[in-house]
1. Could you list, in sequence order, the residues of the stretch 238-264 that are under 21 Å from Ile352 (Cβ atoms) and among the hydrophobic types (A, V, I, L, M, F, W, C)?
2. Could you look through the stretch 227-252, keep only residues that are among the polar types (S, T, N, Q) and surrounded by 14 or more Cβ atoms within 10 Å (Cβ to Cβ), and pick out the one that is nearest to Val266 (Cα to Cα)?
3. For residues in the stretch 339-360 being aliphatic (A, V, I, L, M) and modelled with pLDDT under 85, which is surrounded by the most Cβ atoms within 10 Å (Cβ to Cβ)?
4. Taking the stated definitions as given, is Pro328 at pLDDT 75 or above, closer than 30 Å to Ile230 by Cβ and of a type outside the set (Val, Ile, Thr)?
5. Can you confirm whether the stretch 260-268 contains a residue that is at pLDDT 90 or above, over 30 Å from His221 (Cβ atoms) and exposed (fewer than 14 other Cβ atoms within 10 Å of the Cβ)?
6. Yes or no: the stretch 315-328 includes at least one residue that is of a type in the set (Gly, Ala, Ser), under 16 Å from Met362 (Cα atoms) and surrounded by 15 or more Cβ atoms within 10 Å (Cβ to Cβ).
Amino acid sequence: MTINQLIRFIIVEPVNLKFKDKLLAVGSSFCAILIMALVAQELVTAAAYPVLIASMGASAVILFVIPGSPLAQPWSLLGGHLVSAIIGVVCAQWLADIAIASACAVSGSIFAMLLLRCLHPPGAATALVPVLSGGSLGYGFVLMPVGLNVLVMLVMAIIINRWLLRHDYPTVSGKKSAAVTPERQSGISDQDLKRALNNMDMFMDVSAADLRKLLNYAEIHSFQRVKGNITCGDIMVREVLTVEYGTEVEEAWNMMHKQKLKAMPVIDRARRVIGIVTWNDFFKFVSLGAYENFQDKFRAFIRRTPDISTDKPESVGHIMSASVTVMPETTHIVELIALMSSQGEGYRQIPIVNGENRLVGMVYQANLIAALYDEQVAALANQL
């Protein structure tokens, strides 16, 4: 082993964070500890009790550096500290020898956290505080300051992670991917990931959701490496029929019917996409009663109302779907694969925009299939 290899082996990056994320974690820890200290100074009146417990500093590291970890979830934080504090007080009150009391407090807290599924490493440090105080801290220590510290820290973790940093905190372990049922899902499923984690003979500080993201990113990078840099701009249809918000319903339907289109983007005067209109958007306004003919009802719906007032939508803007997914023309087609294969009928055609967010084309599912097929044929030809 060379010197450089030895240095890289010893100095390993503990967390894979960008410099910006590291600064945000530092600032979040500063704010959380500061507010927790200010609140504790106002509420902790007993002179024998400390305002803060040192283990909350370690909790701040877990909560703001790795908020997606199972160790950082609310029950781990609350249960880990409170249960450990109780065990620490018990050991301090009943065991006179400080060495035996310390060992029992730490091991007992770990056992309790594992048993109650609230493992939080700083909790073991909390268990040592009553022991090291010489037994002067009673059971009130569990509520003040431990309970107060933990409660303030949890509130700050939720506010900062979820609403300021936009992290998925608390992490919902049972959340499933939308529109994909286990029967239709191919490849590695969430159940497979959970079983694999459960079969590990060591603790893995990663949730099934994070592992799913990691595998998805790995698949994306692998696809890009093998297929090359094929973008949406390379496979899109540039000549695209469009309508505007004020386009009449009858005119839009005639355009779609004549060109055999299933969808058309709706744009403003600057060619920015404001919605999309599909066949379903026309049909959803046609309600049939008993013995009524669908064709007659549909013709009556799309036909322009000659009167000044009307009780039905007259323009595309009144029937379009405002929620539309667009892709930049520089996007790699690997992102289209996941979108078009798992998100349902509404994603069979994707509007493509340029750097100014103006419509420049459309990618249909057929375009994506043709691009993937051509790449496969080219790869086979190179092998001959």
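The values are calculated or read from the model by the stated rules, or taken from the named source; none is laboratory data. Small disclaimer: the values here were computed from a predicted structure and weren't measured. No Cβ is skipped: glycine too gets one built from the backbone with ideal geometry, and neighbour counts run over all protein chains shown.
1. Val240, Leu241, Val243, Ala252, Met255, Met256, Leu261, Ala263, Met264
2. Restricting to residues being among the polar types (S, T, N, Q) and surrounded by 14 or more Cβ atoms within 10 Å (Cβ to Cβ), the top hit is Thr242.
3. Residues of the stretch 339-360 aliphatic (A, V, I, L, M): 339-340, 350, 352-353, 359-360.
Imposing the further condition that a residue be modelled with pLDDT under 85 reduces the set to 339-340.
Numbers: Leu339: 17, Met340: 19.
For the stretch 339-360, the residue satisfying everything is Met340.
4. Numbers: at pLDDT 75 or above: yes; closer than 30 Å to Ile230 by Cβ: yes; of a type outside the set (Val, Ile, Thr): yes.
Against the criterion (at pLDDT 75 or above, closer than 30 Å to Ile230 by Cβ and of a type outside the set (Val, Ile, Thr)), Pro328 qualifies.
5. Yes - at least one qualifying residue is present in the stretch 260-268.
6. There is no residue in the stretch 315-328 that is of a type in the set (Gly, Ala, Ser), under 16 Å from Met362 (Cα atoms) and surrounded by 15 or more Cβ atoms within 10 Å (Cβ to Cβ).
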